[in-house]
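Below is one structure, written out as structure tokens, with a few remarks after it.
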Amino acid sequence: MNEERLDELIDTWRDNCLSDEQAEVLNGLLRESEDARRKFAGEARMHGLLHCAAAEEAVERVAAGPTSDPIPTAQSRARWAGTAIALCGLAAGIVIAVVAWHRGGSSGTATELDPSVRIAEVQYTKNADFASTEISPEGPIGVGSRLGPGVYLLKQGFVELNFYGGATVALQAPAEIELRSQREARLLSGRLTVEAGDSERSFLLHTPAGEVVDIGTRYGVYVDGAGVTETHVFEGLVDVRPVSSNASVQRIEANSAMRISPAGKQESLLMDATTFPQPSRQIGEVLRHSGFESGTKLRIGADSQTGVWFGDVCQIVREHGKVRPYTGDGMLLFQSTGQDTQDGSETRASQLSQWIDLSPWRDAIADGRVQAKLTARFNRVAGDADTDSQFSIQLESFEVAPNKALELMKSKRLARSRTSHQLLSDSDPASWEKLEAVLTLPANSRCINAMILAFENVVNDGGDNEEFDGHFADDLHFQLLIEPASSETK
């Protein structure tokens with residue numbers, strides 16, 4: 001079985017773009033391989049396509065060999081409108097045939113939900129009463145629960161769901177939602193926010209008034225008791241496809257909103273993000289030049305500019321002895337320490353820092369919902385008993401701008417909050433060891449100082465000895481982790 005070709009055809013079929021030639025190739029692969037049929041059946045379940053028992057007998061003839069019944073393709077699907085297979089929509093043709101193969105001819109209702117299929121995972125809950133209305137769960141639904149297809153009712157509280165297709169959905173009570181596939185759901189009532197993420201595939205949200213298709217988007221949707229749907233776009237674009245034949249597809253841009261009724265009546269609204277729950281967000285790429293690639297500028301001494309590395313004497317190198325960069329073509333070489341002691345101790349360190357401006361996220365920080373996370377990798381030469389081995393990372397938050405914070409640091413006044421983590425490295429030049437620090441940001445935090453350090457924990461500066469034999473840092477990552485929140489707590 002050509003798995004790569006099978007995956008390509010399944011993706012094309014799912015997007016409703018399968019040509020006549022591609023349909024025939026897919027049919028051949030399914031006839032020849034039980035593994036292919038099993039894989040395709042799983043995909044069909046995940047996309048909520050097992051809804052039409054009436055078509056099974058007709059398409060089983062396709063499984064047995066060539067048939068006069070055509071496989072529905074993008075071009076021929078419209079011609080199936082009057083047949084039993086067309087009653088299934090996308091479930092027609094190949095899908096039902098695969099279901100028959102997968103079941104081995106056994107009987108079973110087409111509306112049964114398969115409890116083995118998993119669509120999304122519960123990432124976060126707060127005071128939540130959340131349960132399936134169709135399948136008896138193995139236990140209470142909570143963080144880490146893996147949810148299958150079906151309708152779920154949120155009577156109170158807040159939940160965040162991570163769909164395996166890439167989207168994150170924040171749901172606020174009271175709400176009722178049907179999970180259809182890893183990239184598809186239906187909001188029956190209530191309020192939610194979708195963070196589409198970086199997935200190459202769109203997330204499809206059905207409502208009683210239409211369908212909402214994201215285009216690299218973060219948006220909120222509200223459905224009232226009459227099925228009237230509001231769509232508020234916070235970032236990116238969405239296309240809204242009304243169910244009414246009298247209404248055309250509407251594209252909604254960022255900072256815009258629209259109300260659509262099941263009858264097709266449309267009304268423009270002012271976008272209001274405060275009325276919707278907010279999913280957790282992970283904001284990366286905040287740290288500049290974090291890979292220490294060739295050409296990275298390093299400033300010696302103190303500095304208050306954001307986005308630049310400053311501190312003690314360091315150098316960007318490609319390869320040093322047996323130590324090679326962890327990623328890319330460059331890494332940081334610690335060369336000498338400053339004159340000040342660290343943390344009031346007699347241990348000295350070579351340190352490098354960067355200021356990070358937090359003003360773009362001040363609202364979430366004010367709610368106490370933001371954590372800062374810094375990771376870095378360290379390495380050193382093998383050396384001997386006199387070779388220094390200690391590294392550290394540090395995060396400090398301040399309630400003032402970087403220039404004022406720098407004055408506080410010089411005067412030895414404490415930051416608003418601080419965390420640091422250390423390691424004693426091994427002597428294997430091929431081993432890059434990782435350090436991680438997480439800091440919950442106080443409500444008034446305005447900036448962060450991210451620092452990496454190589455300690456001179458073996459003091460041997462006499463004679464011609466250098467302070468460091470060969471100590472390195474690489475692959476830094478800084479992220480802001482914003483916790484989810486319901487509209488009441490934002």
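The values are calculated or read from the model by the stated rules, or taken from the named source; none is laboratory data. Only a predicted model underlies this, so the values are computations on that prediction, with no experimental measurement involved. All Cβ positions, even for glycine, are placed from backbone atoms using ideal geometry, and neighbour counts span all protein chains on display.
Restricting the stretch 162-181 to residues that are under 17 Å from Glu211 (Cβ atoms) and either of a type outside the set (A, V, I, L, M, F, W, C) or touching a helix residue (DSSP H, G or I) at 6+ places or on another chain (Cβ under 8 Å) (or both), which is surrounded by the fewest Cβ atoms within 10 Å (Cβ to Cβ)? Filtering the stretch 162-181 for residues that are under 17 Å from Glu211 (Cβ atoms) and either of a type outside the set (A, V, I, L, M, F, W, C) or touching a helix residue (DSSP H, G or I) at 6+ places or on another chain (Cβ under 8 Å) (or both), the one surrounded by the fewest Cβ atoms within 10 Å (Cβ to Cβ) comes out as Glu178.
Being assigned to a loop (DSSP other than H, G, I, E, B), in contact (Cβ under 8 Å) with a residue 12 or more places away in the chain and in contact with a strand residue (DSSP E or B) (Cβ under 6 Å, 6 or more places away or on another chain) is the requirement here; does Thr296 meet it?
Numbers: assigned to a loop (DSSP other than H, G, I, E, B): yes; in contact (Cβ under 8 Å) with a residue 12 or more places away in the chain: yes; in contact with a strand residue (DSSP E or B) (Cβ under 6 Å, 6 or more places away or on another chain): yes.
For Thr296, the condition - assigned to a loop (DSSP other than H, G, I, E, B), in contact (Cβ under 8 Å) with a residue 12 or more places away in the chain and in contact with a strand residue (DSSP E or B) (Cβ under 6 Å, 6 or more places away or on another chain) - is met.
Scanning the stretch 417-433 for residues that are surrounded by 13 or more Cβ atoms within 10 Å (Cβ to Cβ) and not in a loop (DSSP other than H, G, I, E, B) turns up Ser417, Arg418, Thr419, Ser420, His421, Gln422, Leu423, Glu433.
Checking the conditions here, which among Ile393, Ile356 is within 30 Å of Ala485 (Cβ to Cβ), touching a Phe, Trp or Tyr at 6+ places or on another chain (Cβ under 8 Å) and assigned to a strand (DSSP E or B)?
On the way: Ile393 fails: touching a Phe, Trp or Tyr at 6+ places or on another chain (Cβ under 8 Å).
Step by step, each of Ile393, Ile356 is checked, and only Ile356 is within 30 Å of Ala485 (Cβ to Cβ), touching a Phe, Trp or Tyr at 6+ places or on another chain (Cβ under 8 Å) and assigned to a strand (DSSP E or B).
Scanning the stretch 170-180 for any residue that is farther than 15 Å from Thr275 by Cβ and of a type in the set (Gly, Ala, Ser) turns up nothing. Of the candidates Gln351, Gln342, Gln371, Gln315, the single residue that is within 12 Å of Gly470 (Cα to Cα) and either modelled with pLDDT of 95 or more or assigned by TED's automatic domain parsing to the domain that holds Ala473 (or both) is Gln315. Checking the structure you have, find out if any residue of the stretch 170-178 is part of a strand (DSSP E or B), of a type in the set (S, T, N, Q), in the same structural domain as His232 (by TED's automatic domain parsing) and more than 12 Å from the chain's Cα centre (by Cα). Among the residues of the stretch 170-178, at least one is part of a strand (DSSP E or B), of a type in the set (S, T, N, Q), in the same structural domain as His232 (by TED's automatic domain parsing) and more than 12 Å from the chain's Cα centre (by Cα), which makes the answer yes. Condition (residue is touching a residue at least 40 places away in the same chain (Cβ under 8 Å), hydroxyl-bearing (Ser, Thr, Tyr) and assigned to a loop (DSSP other than H, G, I, E, B)) applied to the stretch 305-325: is it met by at least one residue? No: zero hits.
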